[in-house]
Amino acid sequence: MAKRDETEDAARRPGTARQTARTATGGRAPGDRPPPKPSAGQTALEWVRSLVVAVVLFLLIRTFLVQTFTITSGSMIPTLLVGDWLMISKVTYGPQIPFTHHARIPGYRQPRLNDVVVFRPPAEPDLDVVKRVVAVAGDTIQMRGGKFYRDGKFADGPWVIHTDPNDDQTHPWMVWQKRYLVKGVNPATYQPTRDNWGPLVVPPGDLFVMGDNRDDSLDSRYWGWLPIPDVEGNVMFIYYSYDTDSTRPLPFLTAIRWNRIGDIPK
């Protein structure tokens, strides 16, 4: 009698038979309609949403975290070669806030000696350039016979090379140096050249940068101090590299410098 009562009670419960049938058929009762397929318009809308999210994330990352840079000149040889692709950190010195004039989110440190940095020089504000920081505010700097001195001490690192040591010439851009000469140097008779100039004192808030390839670098010697707010970031590592002078077909794929990928410039 108890089993019959339970069966009758189950039969009286609405939906019980449908639930039993749904379980037996894998989740859908006979006669139930399958869920409607999304229309072409709905599918396209989902694709657009995904694309917008991807673009926004890319812009946020590129604006506030990292950016890429490709070496196209030999001014930083041997540290960086033509064909090196670099990953640049914007977090180190703080990313610039878009649509502002030098307003930044604070970074965790200021540029320091021997940092390899990317910036836009005052002489070419639309061009990204990479150089090495060789002097900071308060340093007294000069070159004599192609050798660089900071605060009276020889300061060329092991990365410095000279590819054309006999072409020591003056340049009209170098007249800016006359305003920053140390006391005792007569600006009227001062004639700076590529390999012989100074002594100069770096003012507050500025940097002095040069290429490691001293004889083939258009740098602070010519266009002046680099304001710290103009520095975009520092080089983290080389993420790709290939020999642009290779005669192989498709050098981008066939002349890869595997030994440089992942290198951290020092």
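Just so it is clear, none of the values below were taken in a lab; they were calculated from the coordinates. Fair warning: this is a prediction, and the values are worked out from it, not measured in the lab. As a convention, Cβ positions derive from the backbone with ideal geometry for all residues, glycine included, and neighbour counts pool all protein chains shown.
Enter the Cα centre distance for the pair segment 105-147 and segment 190-210, rounded to the nearest angstrom.
Taking the Cα centre of each part, segment 105-147 and segment 190-210 sit 12 Å apart.
So which lysines can LYS147 reach, going by Cα to Cα under 21 Å and dropping same-chain residues fewer than 8 places off?
Answer for LYS147, where 21 Å is the Cα cut-off: LYS131, LYS178, LYS266, listed by chain and number.
From the phi angles alone, apply the Karplus equation (6.51, -1.76, 1.60; θ = phi - 60°) to segment 123-132 and give each ³J(HN,Hα) in whole Hz, x where the residue is Gly or Pro.
Going residue by residue, I get 6, 9, x, 9, 10, 7, 10, 10, 8, 10 Hz, with x marking Gly and Pro.
At R0 = 35 Å, how high is the FRET efficiency between ARG257 and ARG144 if r is their beta carbon distance? Nearest 0.05 is fine.
On the way: r = 36 Å, r/R0 = 1.02.
The formula returns an efficiency of 0.50 here.
If I take every Cα pair under 8 Å that is 6 or more residues apart in segment 109-170, average their sequence separation and divide by the length, what percent do I get for the relative contact order? Walk me through the numbers before you get to the answer.
Values: 58 pairs, mean separation 12.2, N = 62.
That works out to 20 percent.
Between ASP263 and residues 5 or more places away or on another chain, which pairs have amide H atoms under 5 Å apart, with H built 1.01 Å from N, and which residues are they?
Amide H to amide H, under 5 Å and 5 or more residues apart or across chains, ASP263 pairs with ILE238.
Along segment 76-85, what does the Karplus equation 6.51 cos²θ - 1.76 cosθ + 1.60 (θ = phi - 60°) give for ³J(HN,Hα), rounded to whole Hz, x for Gly and Pro?
Result, rounded to whole Hz: 10, 4, x, 5, 10, 10, 4, x, 6, 10.
Based on Cβ point charges of +1 for Lys and Arg and -1 for Asp and Glu, what charge dipole magnitude is obtained for segment 64-260 about its Cα centre, in debye rounded to the nearest 20? Before the final figure, lay out each step's value.
On the way: 20 positive and 21 negative charges, 117 e Å.
Rounded to the nearest 20 debye, it is 560 debye.
Pull up all non-local amide H partners of PHE148: gap of 5 or more, or a different chain, and H-to-H distance under 5 Å with H placed in the peptide plane.
Hits under the 5 Å cutoff: ALA155, ASP156.
What are the ³J(HN,Hα) couplings of segment 152-160, residue after residue, when phi is run through the Karplus curve with 6.51, -1.76, 1.60 and θ = phi - 60°? Round to Hz, x for glycine and proline.
Whole-Hz 3J(HN,Hα) from phi for segment 152-160: x, 10, 4, 10, 6, x, x, 7, 6.
Whose amide H sits under 5 Å from the amide H of LYS90, counting only residues 5 or more places off or on another chain, with H placed in the peptide plane?
Answer set, sorted by chain and number: VAL66, GLN67.
Largest first, please: the extent of the C-alpha atoms of segment 64-260 along each principal axis, to the nearest Å.
57, 43, 28
Extending each Cα 7 Å along its Cβ direction at PHE237 and GLU46, get the distance between those two points in nm, one decimal.
It works out to 3.6 nm between the two label points.
Which aspartates and glutamates, on any chain, are close to LYS183 with Cα under 15 Å apart, when same-chain ones fewer than 8 places away are left out?
Candidates past the 8-residue exclusion: ASP139, ASP151.
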